[in-house]
Amino acid sequence: MANSFTRMISGRNTALMMAMGASTLASGYLLSDSTAAAERMRTYPPSADYPDLRKHNNCMAAALTPSIYARLRDRATTHNWTLDQCIQTGVDNPGHPFIKTVGMVAGDEESYEVFSELFDPVIKDRHNGYDPRTMKHPTDLDSSKITSGMFDERYVLSSRVRTGRSIRGLSLPPACTRSERREVERVVVTALSGLKGDLAGRYYSLGEMSQREQQQLIDEHFLFDKPVSPLLTSAGMARDWPDARGIWHNNEKNFLIWINEEDHSRIISMEKGGNMKRVFERFCKGLKQVEHLIQERGWEFMWNERLGYILTCPSNLGTGLRAGVHIRLPFLSKDPRFGKILENLRLQKRGTGGVDTAATGDTFDISNLDRLGKSEVELVQLVIDGVNYLIECEKRLEKGQDIKIPAPISQFRK
Amino acid sequence: MDYNQGATMPFGNTHNQMKMNYSAEQEYPDLSKHNNHMAKVLTPAIYDRLRSKQTPSGFTLDDVIQTGVDNPGHPFIMTVGCVAGDEETYEVFKELLDPVIEDRHGGYKPSDKHKTDLNPDNLKGGDDLDPNYVLSSRVRTGRSIRGFCLPPHCSRGERRMVEKLSNEALDSLTGDLKGKYYALKNMTDAEQQQLIDDHFLFDKPVSPLLLASGMARDWPDARGIWHNDNKTFLVWVNEEDHLRVISMQKGGNMKEVFNRFCTGLTKIESLFKEKGHEFMWNEHLGYVLTCPSNLGTGLRAGVHMKLPNMSKHAKFEEVLKRLRLQKRGTGGVDTAAVGGVFDISNADRLGFSEVELVQMVVDGVKLLTEMEKRLEKGQSIDDLIPAQK
């Protein structure tokens, strides 16, 4: 354990990690706990604790058989995170009306390994057959490869690209202690203070913001929600709110970082209008600079070649990227083929309030469905091509012309 | 791949080992905007001394206080801000919980002893509360089954076992106590709404106070309600406590309500004992429940009563305080009053016996009724203002 884990950590406070690793092995869960554990095994076999998932409709419930549960129940990561903690959100929330939820979260980077017997089928289900055991995920943040990235602004109101990044060595939001969360805040904010030029900006701690500032930022679509979604609260992500949460943005307000919401950090590039290429350029530039600034201080992002960037929710593995637009489609949205067109283009619609909302009127949030198995450049290009197609359809319908459902896009690079 | 084998509880103990690598100061919660009992008591020094501890089942200090950290303050009532995960919590985290208990329970000291009295014959009067004002009468308490973790911390297996044992005991009740169990997960939405409207069923957990403590995990697994055929005696299983036992009926005959309460409770306890289980109880804290506010008797005896005039009187709060009573909305603890109808109940739980508390409610409600009648007629109530009990 000491070997593989410490190899992953470079330039960190190695003394801290070694101490933690050593003490966990030497004492932690061991001797006294193992008697209690044996006692519990006798009184409560895994079948006694297996959750009732009969009314459930999420990826976790579809994958978690009693035998998988039995094998994994008594394991914990070296941070003492367990299977029950991973799946609690999926047990508590049987299904979401607008979107099939994943139903489980990671508490730390190791969760994906220690509980791979459950995570792997969930990942496969959620990411259209991507098999973490055999496939590799491509990363590509070269924005110069993008073509046709300027949308017709009679339809596209705004463009946005977001992703998440986790700081290696620190637990994720469902599991982190207050110190860890505060450390994430410190690490990220310190790095961000090194950004210059059009990326120079300022940090606003949630706890110190005035109510008015906060509401302003929410209205501008900059700030994350107070945690009311049961999907988030059941996973424990809202503990200690608003401690160590905040938002950083540049002076232009087109490059933003959320700290300690659903992930350690969410990085967002956005602007009004249809210039998705410029949005993605800024996104890539900013992201690379932030990564560099973090590495200067001996930190790195959680990443591996099976799963790409490691984030709290398995749905955000890989690129963690959601590129999207707010777009008006009054004709197309009423066409019965709308859903199928989106599906074939591998696009997803949401309300303009975000993932848990319904669309109002004929303005939609349209973004990529996929996160894992395709690179950032591929996904953004897919969104650009797809949105341009939707606009073409809208224009044709406006003129009373017919539209075609496009052929489905293939899933993975062969 | 490395992992730990043999976690004590299936859901770990929230990183207690990990936290010890950070200083107490780094971990100490920001309580600067908080107004609950826990926040008033928990100094950095106490935090430092207690944070390395855990109960045998793995409940930690941060588990105890999470609800208080997440919920800085409640508009209608000062919350406790901490919960127990098992019976041992009150021992292991004494240093925090004793002052919280003292603060919450009117100066109850760590050396004090609590008396239990469930003999309904000791109640004087109470069968004649004026039904023109008193719409309904109710007595509730809670009970925990020794040897099982409490709702914030229990595993699904334990919770199901609590449900099973409770069912076995309740199934044996006879006479006017005979009844039936309705598991929450088998109830139809219509049945469930009916029971909520009848004031029989507990809320779906939406209160952040409950959610933050982990009591709503796995809902509605192993939760349910048992009630007798007359719907005058009810038991809630696995809501905020293992069991909540409730006697209630329309009108003002609190004596009858309390009779049934005592009879039923005593019978249930003996049924559990026959099967080798007992309730969590000790002579210092009385009956041990999840929230420190419910220690002792765990008893809340109350009425829904009309006080449209009294409630507007400048001395309403003062009178209640002197009578050792508390007001709530008719939807329960987290609600406001509607249409001049209030839920009036005893404020105390610990340090007074069950009979004493119900007596306070009976006497207090009689006085409030008098006052309401006077105010209706435009008369003064100054001579009726009571001394502090």
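Name the one entry in A:Glu281, A:Glu271, A:Glu252 that is acidic (Asp, Glu), open to solvent by 20 Å² or more (accessible area, probe 1.4 Å), without any contact (Cβ under 8 Å) to a residue 60 or more places away in the chain and farther than 30 Å from A:Cys59 by Cβ.
A:Glu252
Exactly one of (1) open to solvent by 20 Å² or more (accessible area, probe 1.4 Å); (2) in a loop (DSSP other than H, G, I, E, B); (3) farther than 21 Å from B:Val83 by Cα is unmet by B:Gly252. Its number?
Of the numbered conditions (1) open to solvent by 20 Å² or more (accessible area, probe 1.4 Å); (2) in a loop (DSSP other than H, G, I, E, B); (3) farther than 21 Å from B:Val83 by Cα, the odd one out for B:Gly252 is (1).
Is there a residue being within 20 Å of A:Pro174 (Cβ to Cβ) and of a type in the set (S, T, N, Q) anywhere in the range A:258-274?
Within the range A:258-274, one or more residues are within 20 Å of A:Pro174 (Cβ to Cβ) and of a type in the set (S, T, N, Q).
Which fully enclosed strands (runs of 3 or more DSSP E) of the range A:265-359 have 2 or more residues being hydrophobic (A, V, I, L, M, F, W, C)?
Here the list reads A:265-272, A:322-328.
Quick check: anything in the range B:98-112 buried (at least 20 other Cβ atoms within 10 Å of the Cβ) and free of Cβ contacts under 8 Å to residues at least 60 places away in the same chain?
No.
Please tell me if A:Arg160 is basic (Lys, Arg), in a strand (DSSP E or B) and under 30 Å from A:Thr363 (Cα atoms).
Spelling it out, A:Arg160 is indeed basic (Lys, Arg), in a strand (DSSP E or B) and under 30 Å from A:Thr363 (Cα atoms).
Just to be sure I understand, how many residues within the range B:205-230 are more than 11 Å from chain A (Cβ to nearest Cβ) and of a type in the set (Lys, Arg)?
Residues in the range B:205-230 being more than 11 Å from chain A (Cβ to nearest Cβ) and of a type in the set (Lys, Arg): 1 in total.
Could you run through the range B:50-109 and say how many residues are more than 18 Å from B:Asn282 (Cβ to Cβ), among the hydroxyl-bearing types (Ser, Thr, Tyr) and in contact with a Leu (Cβ under 7 Å, 6 or more places away or on another chain)?
Residues flagged as more than 18 Å from B:Asn282 (Cβ to Cβ), among the hydroxyl-bearing types (Ser, Thr, Tyr) and in contact with a Leu (Cβ under 7 Å, 6 or more places away or on another chain) within the range B:50-109 amount to 2.
Which pairs do you get when a residue that is over 24 Å from B:Val83 (Cα atoms), found in the range B:147-174, comes within reach of a residue that is among the aromatic types (Phe, Trp, Tyr), reach meaning Cβ atoms under 6 angstrom, with the pair 6+ apart or on two chains?
These pairs meet every condition: B:Asn167/B:Tyr181; B:Ala169/B:Phe272; B:Leu170/B:Trp226.
For (1) in contact with an Asp or Glu (Cβ under 9 Å, 6 or more places away or on another chain); (2) hydroxyl-bearing (Ser, Thr, Tyr); (3) open to solvent by less than 40 Å² (accessible area, probe 1.4 Å), each residue gets a yes or a no:
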residue: B:Asp221; (1), (2), (3): yes, no, yes
residue: B:Met248; (1), (2), (3): no, no, yes
residue: B:Val257; (1), (2), (3): no, no, yes
residue: B:Lys267; (1), (2), (3): no, no, no
residue: B:Leu289; (1), (2), (3): yes, no, yes
residue: B:Leu295; (1), (2), (3): no, no, yes
residue: B:Gly302; (1), (2), (3): yes, no, yes
residue: B:Lys306; (1), (2), (3): yes, no, no
residue: B:Asn309; (1), (2), (3): yes, no, no
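Can you list residue pairs whose Cβ atoms sit under 8 Å apart, with the first residue in the range B:180-197 being free of Cβ contacts under 8 Å to residues at least 24 places away in the same chain and open to solvent by less than 70 Å² (accessible area, probe 1.4 Å) and the second being aliphatic (A, V, I, L, M) and part of a loop (DSSP other than H, G, I, E, B)? Count only pairs 6 or more apart in sequence or on different chains.
Pairs found: B:Gln192/B:Leu184; B:Gln192/B:Leu201.
Answer yes or no as to whether A:Val122 is outside any loop (DSSP other than H, G, I, E, B) and farther than 23 Å from A:Asn58 by Cβ.
So A:Val122 fails the test.
Residue-wise test of (1) under 20 Å from A:Pro230 (Cα atoms); (2) more than 7 Å from every other protein chain (Cβ to nearest Cβ); (3) not aromatic (Phe, Trp, Tyr).
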site	(1), (2), (3)
A:Pro51	yes, no, yes
A:His56	yes, yes, yes
A:Ile68	no, yes, yes
A:Ala76	no, no, yes
A:Trp81	no, no, no
A:Cys86	yes, yes, yes
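Suppose we keep only residues that are under 18 Å from A:Gly320 (Cβ atoms) and crowded, with 17+ Cβ neighbours inside 10 Å within the range A:139-158. Which one would you say is farthest from the chain's Cα centre (by Cα)?
Here the residue is A:Ser143.
Within the bounds of the range B:161-184, is there any residue that is modelled with pLDDT under 95, within 14 Å of chain A (Cβ to nearest Cβ) and over 30 Å from B:Pro72 (Cβ atoms)?
So far as the range B:161-184 goes, yes, one or more of its residues are modelled with pLDDT under 95, within 14 Å of chain A (Cβ to nearest Cβ) and over 30 Å from B:Pro72 (Cβ atoms).
Name the residues in the range B:30-83 that are surrounded by fewer than 17 Cβ atoms within 10 Å (Cβ to Cβ), within 14 Å of chain A (Cβ to nearest Cβ) and in a helix (DSSP H, G or I), would you?
Within the range B:30-83, B:Pro44, B:Asp48 qualify.
Scan the range B:344-354 residue by residue and report those that are open to solvent by 10 Å² or more (accessible area, probe 1.4 Å) and either more than 18 Å from B:Cys262 (Cα to Cα) or among the hydrophobic types (A, V, I, L, M, F, W, C) (or both).
Listed by number, the residues that qualify are B:Ala347, B:Asp348, B:Gly351, B:Phe352.
Does A:Leu223 meet the test of being open to solvent by 20 Å² or more (accessible area, probe 1.4 Å), in the same structural domain as A:Arg160 (by the TED database) and outside any strand (DSSP E or B)?
Taking the combined requirement at face value, the residue does not satisfy it.
Which residues, counting only those in the range A:159-168, are farther than 18 Å from A:Val380 by Cβ and open to solvent by 10 Å² or more (accessible area, probe 1.4 Å)?
Hit for the range A:159-168 is A:Arg168, nothing else.
Restricting attention to the range A:351-364, does a residue exist that is buried (at least 23 other Cβ atoms within 10 Å of the Cβ), modelled with pLDDT of 95 or more and under 22 Å from the mean Cα position of the chain (by Cα)?
Checking the range A:351-364: not a single residue is buried (at least 23 other Cβ atoms within 10 Å of the Cβ), modelled with pLDDT of 95 or more and under 22 Å from the mean Cα position of the chain (by Cα).
Can you name every one of the helices (runs of 4 or more DSSP H) wholly within the range A:2-93 that holds 2 or more residues which are modelled with pLDDT of 60 or more and buried (at least 17 other Cβ atoms within 10 Å of the Cβ)?
The qualifying helices (runs of 4 or more DSSP H) are A:31-43, A:46-49, A:59-63, A:66-72, A:83-92.
Within the range A:163-183, is even one residue in contact (Cβ under 8 Å) with a residue 12 or more places away in the chain, in contact with a helix residue (DSSP H, G or I) (Cβ under 8 Å, 6 or more places away or on another chain), farther than 26 Å from A:Trp81 by Cα and away from every other protein chain (no Cβ under 14 Å)?
Within the range A:163-183, not a single residue is in contact (Cβ under 8 Å) with a residue 12 or more places away in the chain, in contact with a helix residue (DSSP H, G or I) (Cβ under 8 Å, 6 or more places away or on another chain), farther than 26 Å from A:Trp81 by Cα and away from every other protein chain (no Cβ under 14 Å).
Can you list residue pairs whose Cβ atoms sit under 6 Å apart, with the first residue in the range B:38-52 being acidic (Asp, Glu) and the second being surrounded by fewer than 20 Cβ atoms within 10 Å (Cβ to Cβ)? Count only pairs 6 or more apart in sequence or on different chains.
Close Cβ pairs satisfying both conditions: B:Asp48/B:Ala24.
The values are calculated or read from the model by the stated rules, or taken from the named source; none is laboratory data. As the structure is a prediction and not an experimental result, all values here were calculated from the model. All Cβ positions, even for glycine, are placed from backbone atoms using ideal geometry, and neighbour counts span all protein chains on display. Surface areas here come from the heavy atoms of the whole protein model, side chains and all, with no ligands, DNA or RNA. Shrake-Rupley method; radii C 1.70, N 1.55, O 1.52, S 1.80 Å.
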